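Here the structure is laid out as structure tokens; the discussion comes afterwards.
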Amino acid sequence: MSSLFQTILYQPLFNALVGLYNLIPGTDIGLAIIALTVFIKVLLYPLMNASIKVQKSLQDLQPKLQELKQRYGNNKEEMTKRTLELYKTHKVNPLSSCLPILVQIPILLALYWVLRDGLATTDFSRLYSFVTNPGALDPVMFGFVNLAKPNIVLAILAGAAQFWQSKMLIAKRPPAAAAAAGGKDEDFAAIMNKQMTYFMPIVTVLVGFQLPGGLTLYWLASTVLTALQQLVVFRKVA
């Protein structure tokens, strides 16, 4: 790992995990990981909130986008122009919904190293002076789940949570518009929604089988929190 990556991401996350591990009664690493997840979600809350609002706006715009497709489907240039005008009118930037995902990638990579190496390490030289050295991190959660090793149950739960979250983002198109469009003429957003809903949970489970249980637990907790945030935002803007 580069020194910059260690200084900016790995070391702060490692110290946060150890600090929470020290603070939580019973020093349960699973609860420490969940607490760390909540902390990260709070930090990313403004970005995630903006992203969810954009996703909701895109969902609401699907009937209008479908109408444009029926009118200008044979004229790609005009279709693109009208689509951009629609986004501008409703002040929607589809690309902005990807920003939280891009931000989370380096965090997820850093957490991978923290949970892969940190749960078995006795080297606490990277701890800040104000973080107590615990001597070792017990990788067992609730007395029987070893988070240093892959966990099938956590992987399945993470996939189920991913499906629940993605299902909320499916835009419901009017039956008439859907019939007119035809199965092979689905818009790009609809195709992406289907992939996210059915394909990504499967990928989550398969990847979760290979990752340390601690990282899968983080992904599970993060997905559940994101889904709950979506519910709140969707109700506010409904």
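The values are calculated or read from the model by the stated rules, or taken from the named source; none is laboratory data. Predicted model, so just to flag it, every value in this text is computed and none were measured. Glycine also receives a Cβ, built like all others from the backbone with ideal geometry; neighbour counts cover every protein chain displayed. In case anyone asks, the SASA skips ligands and DNA or RNA and just uses the protein heavy atoms, side chains included. Shrake-Rupley method; radii C 1.70, N 1.55, O 1.52, S 1.80 Å.
Counting every C-alpha pair in the chain, the share spaced more than 31 angstrom apart comes to 35%.
Loop-located trypsin sites (Lys or Arg not before Pro) in region 16-69 (DSSP state not H, G, I, E or B) with no more than 11 neighbouring Cβ atoms inside 10 Å do not occur. Mean residue ellipticity at 222 nm, helices only, the chain: -21500 deg cm²/dmol; runs of at least 4 DSSP H residues each add -39,500 (n - 2.57), and the sum is divided by the number of residues. Taking a point 7 Å out from the Cα of Lys236 in the direction of its Cβ, the residues of region 46-78 whose backbone N falls within less than 18 Å of it are 46-60. Normalised by 2.2 N^0.38 Å, where N is the number of residues, the alpha-carbon radius of gyration of region 17-109 equals 1.66.
Sorting the segments 207-219, 12-24 by their mean number of nearby beta carbons within 10 angstrom, highest to lowest, gives 207-219, 12-24. Here the extension length gained between Lys76 and Leu47 equals 7.2 nm, from 0.36 nm per residue of separation less the Cα-Cα distance. Relative to the longest principal axis of the Cα atoms of the chain, the long axis of helix 99-117 makes an angle of roughly 30 degrees.
Surface composition of the chain: carbon plus sulfur atoms hold 66% of the accessible area, using a 1.4 angstrom probe and ignoring ligands, DNA and RNA.
Ligands, DNA and RNA are left out, and with a 1.4 angstrom probe the accessible area of the chain is 56 Å² per residue. Compared with the dominant Cα axis of the chain, that is its longest principal axis, helix 11-23 is turned about 60°.
Placing pseudo-labels 7 Å out from each Cα toward the beta carbon at Glu67 and Met168 gives an inter-label distance of 2.8 nm. At what distance in angstrom do the alpha carbon centres of region 212-238 and region 86-125 lie from each other? Computed from Cα coordinates, the inter-centre distance equals 14 Å. Evaluated over region 34-110, the count of Lys pairs having alpha-carbon atoms less than 26 Å apart is 24 (only pairs 8 or more residues apart or interchain).
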